[in-house]
Amino acid sequence: MSLTYSLPHNFLVDGNVSSDHLGDVPEGFIAGFNVPELRAGGSIGNTGFGKQNRFGFNVAYRWQDKINYQGDFANGIVPAYQTVDAQVSYKFFNPKVLLKIGATNLLNQYYRNGFGNPAIGGLYYVSVGYNVF
């Protein structure tokens, strides 16, 4: 389930929650159904504010429940985790360029999304886009 709400002055608020559950699995059967039972997230952003609506931003929060991981290589619990993503942007009108600075997993809290997988940390970026139209 997801809900996005548009607010005045180009603000957007978003929230979502999803669930997966596998029932009636015979005893001893390895289903390999490696998904969390519950996931949730939310964000707030603005597509244009300030002088001539040139600035923008988005902040997103994601949470995922633990996973009882079952696989051919290994079995075990993948702990629950949460992350915060953030981005700011600036639109140049001449030339038509969009500059973005942001981060995925802004707080650099290492987590794993599968049993035996390497830990995932923060990713920080600068992006420059050019609109040809």
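The values are calculated or read from the model by the stated rules, or taken from the named source; none is laboratory data. Note that this is a predicted model, so its numbers are computed, not measured. Heads up, the Cβs are rebuilt from the backbone with ideal geometry, glycines too, and the neighbour counts pull from every protein chain shown.
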* Structure fact -> Restricting attention to the stretch 36-56, the residues that are over 15 Å from the mean Cα position of the chain (by Cα) and outside any loop (DSSP other than H, G, I, E, B) number exactly 9
* Structure fact -> Only unsatisfied item for LEU123, checking (1) surrounded by 13 or more Cβ atoms within 10 Å (Cβ to Cβ); (2) under 21 Å from the mean Cα position of the chain (by Cα), is (1)
* the stretch 89-108, residues that are surrounded by 15 or more Cβ atoms within 10 Å (Cβ to Cβ) and either at pLDDT 95 or above or closer than 25 Å to GLY15 by Cα (or both) -> SER89, LYS100, GLY102, ALA103, THR104, ASN105, LEU106
* **Residue match in the stretch 26-47 (condition: touching a residue at least 60 places away in the same chain (Cβ under 8 Å), of a type outside the set (Phe, Trp, Tyr) and either surrounded by 14 or more Cβ atoms within 10 Å (Cβ to Cβ) or over 23 Å from TYR124 (Cα atoms) (or both))** => yes
* Structure fact -> Within the stretch 109-120, residues surrounded by 12 or more Cβ atoms within 10 Å (Cβ to Cβ) and either closer than 15 Å to ASN58 by Cβ or at pLDDT 90 or above (or both) come out as GLN109, TYR111, ARG112, ILE120
* Conditions (1) closer than 24 Å to PHE133 by Cβ; (2) not in a strand (DSSP E or B); number of the one not met by HIS21 -> (1)
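Here is a list: ALA103, ALA74, ALA60. Which entry is free of Cβ contacts under 8 Å to residues at least 24 places away in the same chain and aliphatic (A, V, I, L, M)? Quick ask: steps written out before the conclusion?
Working: ALA74 fails: free of Cβ contacts under 8 Å to residues at least 24 places away in the same chain; ALA60 fails: free of Cβ contacts under 8 Å to residues at least 24 places away in the same chain.
Only one candidate qualifies: ALA103.
Looking only at strands (runs of 3 or more DSSP E) that fall completely inside the stretch 67-133, which ones have 3 or more residues that are under 29 Å from GLY50 (Cβ atoms)? Outline the logic, then answer.
Details: elements: 67-70, 75-78, 81-92, 97-104, 123-130.
In the stretch 67-133, the matching strands (runs of 3 or more DSSP E) lie at 81-92, 97-104, 123-130.
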